[in-house]
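One structure below.
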Amino acid sequence: MMSKRTLTRQVLLFISILSLGSVHSQVSYSIPEEMVKGSLVGNVAQDIGLDIKRLKSGKARIYTGDSGEYIELNKERGVLLIKERIDREALCGQTTPCAIHFQIILENPMELFRVTVEITDINDNAPVFKKNEKMFEISESAVTGATFMLERAMDPDVGVNGLQSYALKPTDKFQLKLKNQPDGSKKVEMVLQKSLDREKQETISLLLTAVDGGEPQLSGTLQILITVLDANDNAPVFTQEIYKATVVENSPKGAVLAKVSASDADKGLNSVVSYSLSGGTEDQSDAFEIDSKTGELRLTGQIDYEKAKHYQMFIEAMDEGGLSDSSKIIIDVIDVNDNSPFINVMTKSGSIAENAMPSTVIAMISINDPDSDSNGHLSCDINENIPFTIKTTSNGFYSVVTESELDRERASEYNISVTCSDEGVPSLSSSVTLTLQISDVNDNAPVFERSSYEAYIIENNTPGLSIFTVKARDDDWNQNARVSYILEDSSVNGVPVSSYVSISADSGVVHAVRSFDFEQIKDFQFRVKAQDGGSPPLSSNVTVKIMIQDQNDNAPQVLYPVQTGGSLVAEMVPRSADVGYLVTKVVAVDVDSGQNSWLSYKLQKAADRALFEVGLQNGEIRTVRQVTDKDAVKQRLTVVVEDNGQPSRSATVNVNVAVADSFPEVLSEFTDFTHDKEYNDNLTFYLVLALAVVSFLFITCLVVIISVKIYRWRQSRILYHSNLPVIPYYPPRYADTLGTGTLQHVYNYEVCRTTDSRKSDCKFARPGSQNVLTMDPNLTGTMQRIQSEMSILDEQDSQLEVSQFNSDFSHLYDHSKQLNQSSHTGK
Ligand SMILES: *[C@@H]1O[C@H](CO)[C@@H](O)[C@H](O)[C@H]1NC(C)=O
Ligand SMILES: *[C@@H]1O[C@H](CO)[C@@H](O)[C@H](O)[C@H]1NC(C)=O
């Protein structure tokens, strides 16, 4: 390479020598700049054609004028050498070509040679920017196409070694634009190709490279730093499209329900967001508020799940620049068990019959609870231990029904308390009480207090005497419990029991209808029916046994010895009889019973006390001593037989005893017995007296009857013009019984004027009432029949010795008058 250059130089030098040949020689050299000191520029002696000696003798030197001494002459060798490093850029700047001109001056003879050394450029300078950094602040809102001025680079080298081109990297946002200037220089600009986004890239760094064309190529760089300034190009954005929140109803005011937030990608003031609610209904906006700064949603009103279960609102976020976003918030209200169940009794019955079938509906109720889910799930119950149950029919409807059979006698009223509760925690409940009356049904028969009754009555009672009381209880109510007592038909000894006893229907008191005689009847029984007033009535019956107690109303009766008026019967006692000889035995009976019939025997009167005695218990008459001759043949003993009753009754019997060995002896002695004058006289007197009394009473009776008859007839004719004379009637036996004097027992008949029914013609009246028979002359057949009935009754009466007619004439008269009047008024 070097040799090639040298060759070129030599060629040039040869040419210049040729041109200088005639005058002073001139040589040119060309060297690159920056050669090191001492480097050979050219063999000037040879080129000029001078030898070394000449140079020395000629004192050759270089004359440069005022320009620097870059090159020196080496006289020894005859060559030009670099004396000082040559910087073309310093020497010539941008001027080309760049050459150093000097002369070589010789003395002895003076000669002048001109030398030109051309300095050629080498690429020793890189392009350089004034500063190696440049800062820009560009708003992100800058439009594409915006141009930004850049520095130019400087390269002192010339030609190809000078500045050739620029490059800008990276190229995605900006592009380099070079503009040729009139002066040939270039304007360096960068153009915005794509809009900036601070939010993506806040700073951009670019590198501008300037390159020259040298070999090797040199370059300089400029760091470009771009700060992207914020513009309000971003709206706030909510973090969620829909916010969800829940609120428990009845929450206190001020509770924070949710926090919304929106982000704004901008910076500074452009990113300050404020929140607001929009798009809610009136009550919603009353109930909520949003903190415009923090985005907290607060409760400001009352939340009632039963009014609204959801709230839906729009929220808006707005930055300072007016850009906004909106979102939605849905607030679900959570139910709280704040409502008690509501019970509505739709229908109910106040009372129900005790025989109501099971499952009879008593009440229908509906319930409802505005709370939701389990807070509104209701169940109903009724109090326990009552025969009712509650059934659910369909949604929200319940019916209270009877569960089992009712019994008013056990419980006549129920308080049915229906309690409904929800399933909330804690659960709320409410209750209603239904009062139900159980109405009575006649389902209980009367019950006698005892399963059977026994009663005692002492004989010879007064008729109408209350013997005792039966009592039956009926558990039903009111009319169904009103018990009447009825004597059931039966007969005692062939006689209807109703002629023995009667019973008071209301009180159950059993009365004796007649006087009882223990000796006739000792006991009898009958049934009493107790019947209630229900419909149909229920009844039960009980057996009543009446026992008649004995009274000492019968004196002892002596059966032996037989007492006849003129008895000649005598007991014979032989004179030879031993002591204790059984003379006879007095036999007596007492129809009474018990104590009243215990008999004892005593001697009342004895001619000779010492001879006989009577066994106290057995009535045996025995001798107590030996019979002597002094003892009379005729002995008359009077034995008193006494019963043990209180007071006791007694009978006496005369016993004739003949103390003799032969019958004729006895006969002669006993003629006195047959002609007992005193006894016969008394008897005759009594008979006469009785006859007189009977005759008198009969005549009186006749007179009274006739006068009564006339009186009646006249009265009815005159006062009432009646065709129905009323004749008092009394049975045939009326007069006969007159004299007996035994009519303490009163018994009455009343005959009604009915012809058909025999039963109602004649019935027993209350004891003690008066009796009369009214007679219609047209009804003589009836009369006869009644008379025959009466005679039958008489026969019964005489058997039983109980029924007697009243013989009191004055009573009869008064009563017949009364009855007559009542029969008229009855018409
Ligand atoms: C039912 O309630 C009423 C009133 O509270 C009360 O007077 C009555 O005794 C109650 N009845 C029963 C059977 O508990
Ligand atoms: C009396 O009661 C019994 C049962 O106690 C009954 O068998 C009978 O038929 C009843 N008698 C009358 C006449 O009602």
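The values are calculated or read from the model by the stated rules, or taken from the named source; none is laboratory data. For clarity, every value in this text was computed on a predicted model and none was experimentally measured. Glycine gets a Cβ as well: all are built from the backbone with ideal geometry, and neighbour counts include every protein chain shown. SASA here: full protein model, heavy atoms, side chains in, ligands and nucleic acids out. Shrake-Rupley method; radii C 1.70, N 1.55, O 1.52, S 1.80 Å.
Table for the structure above
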item	result
Long-range neighbours under 7 Å by Cβ, at least six apart or interchain, first residue outside any strand (DSSP E or B) within the range 317-334, second open to solvent by 60 Å² or more (accessible area, probe 1.4 Å) and of a type in the set (G, A, S)	none
Qualifying residue in the range 245-265 (condition: within 30 Å of L196 (Cβ to Cβ) and among the charged types (D, E, K, R))	yes
Candidate set: the range 391-414, residues that are away from ligand 1 (no atom under 16 Å from the Cβ) and part of a loop (DSSP other than H, G, I, E, B); chosen: the one nearest to the chain's Cα centre (by Cα)	G396
Strands (runs of 3 or more DSSP E) lying entirely in the range 171-251 (those with 1 or more residues that are under 18 Å from E140 (Cα atoms) and more than 60 Å from the chain's Cα centre (by Cα))	174-180, 186-192, 203-212, 219-229
Subset of the range 428-445 (residues that are open to solvent by 60 Å² or more (accessible area, probe 1.4 Å) and not in a strand (DSSP E or B))	D443
Single condition N355 does not satisfy, out of (1) in a strand (DSSP E or B); (2) open to solvent by 60 Å² or more (accessible area, probe 1.4 Å); (3) farther than 30 Å from K309 by Cβ; (4) away from ligand 1 (no atom under 16 Å from the Cβ)	(1)
Entirely in the range 92-161, the strands (runs of 3 or more DSSP E) that have 3 or more residues that are assigned by TED's automatic domain parsing to the domain that holds I71 and farther than 30 Å from A231 by Cβ	98-106, 111-120
Neighbours by Cβ (under 6 Å, 6+ apart or cross-chain): first from the range 433-450, under 23 Å from S540 (Cβ atoms); second among the hydrophobic types (A, V, I, L, M, F, W, C) and within 16 Å of ligand 1 (Cβ to nearest atom)	D440/W477
Condition broken by N493, with the remaining ones in (1) under 30 Å from D440 (Cβ atoms); (2) free of Cβ contacts under 8 Å to residues at least 60 places away in the same chain; (3) open to solvent by 70 Å² or more (accessible area, probe 1.4 Å); (4) among the polar types (S, T, N, Q) satisfied	(1)
Qualifying residue in the range 570-589 (condition: surrounded by 15 or more Cβ atoms within 10 Å (Cβ to Cβ), in a strand (DSSP E or B), within 16 Å of ligand 2 (Cβ to nearest atom) and at pLDDT 90 or above)	no
Test: residue in the range 158-171 that is buried (at least 19 other Cβ atoms within 10 Å of the Cβ), in contact (Cβ under 8 Å) with a residue 40 or more places away in the chain, in contact with a helix residue (DSSP H, G or I) (Cβ under 7 Å, 6 or more places away or on another chain) and within 30 Å of Y29 (Cα to Cα)	no
Subset of the range 415-426 (residues that are within 15 Å of ligand 1 (Cβ to nearest atom) and either open to solvent by 10 Å² or more (accessible area, probe 1.4 Å) or over 15 Å from the mean Cα position of the chain (by Cα) (or both))	N415, S417
Residues being open to solvent by less than 30 Å² (accessible area, probe 1.4 Å), farther than 30 Å from Q595 by Cβ and more than 10 Å from ligand 2 (Cβ to nearest atom) - total across the range 534-550	1
Within the range 518-537, considering residues that are part of a loop (DSSP other than H, G, I, E, B) and either in contact with a helix residue (DSSP H, G or I) (Cβ under 8 Å, 6 or more places away or on another chain) or not assigned by TED's automatic domain parsing to the domain that holds Y456 (or both), the one farthest from ligand 1 (Cβ to nearest atom)	Q520
Residue that is open to solvent by 70 Å² or more (accessible area, probe 1.4 Å) and aliphatic (A, V, I, L, M), where the choices are L269, L225	L269
Extreme residue, farthest from R527 (Cα to Cα), among residues of the range 474-496 that are part of a loop (DSSP other than H, G, I, E, B) and more than 16 Å from ligand 2 (Cβ to nearest atom)	W477
Single match in F238, F288, F314 (criterion: open to solvent by 50 Å² or more (accessible area, probe 1.4 Å), outside the structural domain of S205 (by TED's automatic domain parsing) and aromatic (F, W, Y))	F314
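Matching residues to (1) surrounded by 10 or more Cβ atoms within 10 Å (Cβ to Cβ); (2) in a loop (DSSP other than H, G, I, E, B); (3) at pLDDT below 85; (4) in the same structural domain as Q595 (by TED's automatic domain parsing):
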| residue | (1), (2), (3), (4) |
| --- | --- |
| P647 | no, yes, no, yes |
| A651 | yes, no, no, yes |
| D672 | yes, no, yes, yes |
| E678 | no, no, yes, yes |
